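Working notes, beginning with the structure itself.
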Amino acid sequence: MKGILILLLIGLVLVSGCVGQQTDNKVGDVSQKPAEMSAEAKFSCENDNSVESRGYILLMGLADHHKEVWTAEKAMMEKDPKAKFVLIYDQDENKKLQEIGDKFLLDLSNILKNNPVEELVVFGSSAGGVTTSYSISRLNFSGHVAVHTIASPIKGYGFKGIGELFLGQRSVFEKEIALGFGPFQKPGKNVKVYHHKTVTDTILKDHYCGNFAALCDPVKIQDNNIEGSKEFYYSQYDHGPIMGAVIRDVLKCYNTGVDKDIEKEEQDKKQDLALGSICIGEENCKIFCHTSKGACTDYCNKNPENPLCQNSWAYDCVYFSELTFCQKLKVDLENEYNSMNAKIESAIRNGPKYNQTEYEKVLKEVDDLRLKGYSSDKISKLQEKARSNLYIRPTPTPEPPKPPQPKYPENFFNPDIECTSNPDVKFTNIVVRPEDLDLIVPLGSVTHEEITTHTYLFVGNKTPNIYVPVDSVLTDVTYGGIDYGLTFQASCEFIYTFGHITDPVDSIKKLFETEKVEQRGTAKLVQPLTKFKAGDLIGQTGGTQQAHGFDLGAYHKNQANYYVNNERYKKGSFKFYNAVCPYDYFDSQTKSAYYSKFGNFGGVVPGATCGTAGQDKAGTISGNWHDTSSIEWNPSSKKVAFGTDGDVAESAIRIIMSSRSVFFIFRDNPTYKRPKEVTGEHCYEDDKSDTIIYVKIISDTEMKMYVEDTAKTCPTTFPEDKATTYYR
């Protein structure tokens, strides 16, 4: 009597719990559906495909810990060219919903930090949809979000009150689902929510309601829509099949190419290349069965005629060895093993031995037995027998010598020299007294076949002292028989150079005292490095014999001068890409004193600036050009440079080519046009040398040039057949 009373009580509790969800519907009557459900509203795409990046997340259901089950869906998401990440998320059902939601949001936040995207597409499978619905309003993400819950018990079962006493082994998250949920918080306007629902659902109803399944209504269990969301009913699908169907429909909105994968799956289904609804396609099923052998074994034992069920990977013959397939497989594998063993034994006795290719083939044949389920221990012994007795190891090919590694990679300019890092170098001593200078021509002048990367200091008839401006080491010296070139390094990031020093101190002269005249002119690496302090005397100079000028340049690792084709200069000489104004490294007073000497080759120009080595301007002829499109640095290639004698409006145009003197076009010349203003075609007439220079811009990186030394006037049209092509 007592037992009967308890059963009646349990029945009443379950009935009250389920009936509590039915409102005006009759118990168990799912025919009374909402109007939207009766109309079978269809899901349609509403996403904005103008975004450039998105991430996909799929939250698995209750106690679903086999990510391999979602291999096909994951692969389809990854084929979206805009997908930056795909996350198959496994939740811990042994925690409460709040803990699960908090961890999910934290994990997703960390992923977004490393993989920023403009859009998120979130799928909540079964109980994964509960976690998604609970968490989505708290997601810290401002981009577009589309949430799709699929067959999710977002309302729960409503077993509250006295019904809680009869929930059996249900605990934590599963218990929360059994007790039921109130309305979920509405997310922000950037989030769209879609609830995809089953009508009949053996998992939500039969599996979780057990003996009282007739009293539970799947429609009501899923009836807790987020405010502002849309819902869609799929009467044709049960709990399992709806998952893949909905995900595939949604993915079509983001990547039309997924249609081909879906079509392939349909073809596989027609050819019976599927294990019912649990997996489609041989490769997908093979992956699935690797971790879910029990499900595959159960299916194949009931459907042995299925083509995929003829494979050993579809069965767990360790735990189900009594199955007919497993018994036959055992005999077949033993026969294969004996045949392979006999083959190897024969080769040991009679030869020949195996080369690398033959050996690898035998290894694969033997290892295939292992993959089919044969004893790993016996397979290993058979492989060892082949290796020990038959394998001829190939003669190892000696590795090519490794290129020498730099001793000091932190030294940007010379990795063979030790240095101290200091990106903020300051000059604390003058290099020459400003009053000893007649003129400084800044960076960017045209005196060589390329825009100059150093400045010119003119001393007239004087021979002033030259000093070290900052603590440095002398690293390189050149001597051409008349004057010296010096390179000093102040830090790993900064060097400066002098040119045309006619009378250096004895310690520098001694570096070349044993050289013969014919051996001079090449650079000498100073070893050991000679240290100089700020203010130390370098020597005296009268400069070049004709112009009475010497050079001063400076170069900083962090400087990046602009060129139309920067890659050429990054790969080439640092002097072009990293040239800086040396006078900017003095204190303001000393800097002003040097700046007051700035001008062009005609004299000091008040207000002149230090300029820049990068004089390129896209779409014009200004700057450097090369006779090869290859960006590999080639000092011997022919070049041409176009520039002006300073930035003053009246500055003369200077054009110089390899192995030729500079051409001048002065302001009073009718063909005068500053190189930075030349676009399309233009012809210069150098009336001093009876030379015409006709240029034609092809693109930002290509120009054609025609030069005629015996013509006084330009032709009416550009002579294409006589022109030479130059490149940035």
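The values are calculated or read from the model by the stated rules, or taken from the named source; none is laboratory data. Treat the numbers as computed from the prediction; the structure is a model and nothing was measured. As a convention, Cβ positions derive from the backbone with ideal geometry for all residues, glycine included, and neighbour counts pool all protein chains shown.
For the criterion of being more than 44 Å from the chain's Cα centre (by Cα) and part of a loop (DSSP other than H, G, I, E, B), LYS426 fails. Going by what's in this entry, would ILE653 be described as modelled with pLDDT of 95 or more, in contact with a strand residue (DSSP E or B) (Cβ under 9 Å, 6 or more places away or on another chain), under 26 Å from TYR684 (Cβ atoms) and surrounded by 19 or more Cβ atoms within 10 Å (Cβ to Cβ)? Judged against the criteria, ILE653 is not a match. Within the range 683-700, residues that are in a loop (DSSP other than H, G, I, E, B) reach partners that are of a type in the set (S, T, N, Q) with beta carbons closer than 8 Å, at six or more positions or on different chains, in the pairs ASP687/ASN669; ASP690/THR710.
Screening the range 451-490 for strands (runs of 3 or more DSSP E) wholly inside it with 3 or more residues that are in contact (Cβ under 8 Å) with a residue 40 or more places away in the chain, within 50 Å of the chain's Cα centre (by Cα) and over 30 Å from LYS638 (Cα atoms) returns the ranges 472-479.
Conditions (1) more than 45 Å from the chain's Cα centre (by Cα); (2) among the hydroxyl-bearing types (Ser, Thr, Tyr); (3) assigned by TED's automatic domain parsing to the domain that holds THR717, marked per residue:
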site: ALA641; (1), (2), (3): no, no, yes
site: ALA649; (1), (2), (3): yes, no, yes
site: ARG654; (1), (2), (3): no, no, yes
site: ARG667; (1), (2), (3): yes, no, yes
site: THR671; (1), (2), (3): yes, yes, yes
site: GLU681; (1), (2), (3): no, no, yes
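Filtering the range 62-74 to residues that are of a type in the set (Gly, Ala, Ser) and either modelled with pLDDT of 90 or more or not in a helix (DSSP H, G or I) (or both) leaves only ALA63.
Would the range 639-650 turn up any residue that is in contact with a Lys or Arg (Cβ under 8 Å, 6 or more places away or on another chain), modelled with pLDDT of 95 or more, farther than 14 Å from ILE451 by Cα and surrounded by fewer than 18 Cβ atoms within 10 Å (Cβ to Cβ)? Checked against the condition, which is being in contact with a Lys or Arg (Cβ under 8 Å, 6 or more places away or on another chain), modelled with pLDDT of 95 or more, farther than 14 Å from ILE451 by Cα and surrounded by fewer than 18 Cβ atoms within 10 Å (Cβ to Cβ), the range 639-650 yields no hits at all.
Tell me which residues, restricted to the range 586-625, are part of a loop (DSSP other than H, G, I, E, B), among the small types (Gly, Ala, Ser) and touching a strand residue (DSSP E or B) at 6+ places or on another chain (Cβ under 8 Å). Scanning the range 586-625 gives SER596, ALA608, ALA613, GLY614, GLY619, SER622. Selection of first residues in the range 86-109 that are touching a residue at least 24 places away in the same chain (Cβ under 8 Å) and β-branched (Val, Ile, Thr) and of second residues that are surrounded by fewer than 20 Cβ atoms within 10 Å (Cβ to Cβ) and assigned to a loop (DSSP other than H, G, I, E, B), restricted to Cβ pairs under 6 Å at least 6 apart or on distinct chains, gives an empty result. Could you check, for the range 547-557, whether at least one of its residues is surrounded by 14 or more Cβ atoms within 10 Å (Cβ to Cβ), acidic (Asp, Glu) and at pLDDT 90 or above? For the range 547-557, residues surrounded by 14 or more Cβ atoms within 10 Å (Cβ to Cβ), acidic (Asp, Glu) and at pLDDT 90 or above: present. Step by step: first the residues of the range 209-233, then only those that are surrounded by fewer than 20 Cβ atoms within 10 Å (Cβ to Cβ) and aromatic (Phe, Trp, Tyr), then the one that is modelled with the highest pLDDT. Which residue is that? Here the answer is PHE232.
Conditions tested, residue by residue: (1) modelled with pLDDT under 95; (2) of a type in the set (Val, Ile, Thr); (3) surrounded by fewer than 17 Cβ atoms within 10 Å (Cβ to Cβ); (4) in a loop (DSSP other than H, G, I, E, B).
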residue	(1), (2), (3), (4)
GLY17	yes, no, no, no
ASP24	yes, no, yes, yes
GLN32	yes, no, yes, yes
GLU46	yes, no, yes, yes
SER50	yes, no, yes, yes
ILE57	no, yes, no, no
GLN91	yes, no, no, yes
LYS103	no, no, yes, no
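Residue-level analysis places VAL695 outside the set of residues that are modelled with pLDDT of 95 or more and within 30 Å of LEU439 (Cα to Cα).
Pairs are defined by a Cβ separation below 8 Å, a sequence spacing of at least 6 or placement on different chains, a first member in the range 226-250 that is outside the structural domain of VAL145 (by TED's automatic domain parsing), and a second member that is modelled with pLDDT under 95; no pair meets this definition.
Scanning the range 262-281 for residues that are acidic (Asp, Glu) and within 33 Å of the chain's Cα centre (by Cα), we see that the one that is surrounded by the fewest Cβ atoms within 10 Å (Cβ to Cβ) is GLU263.
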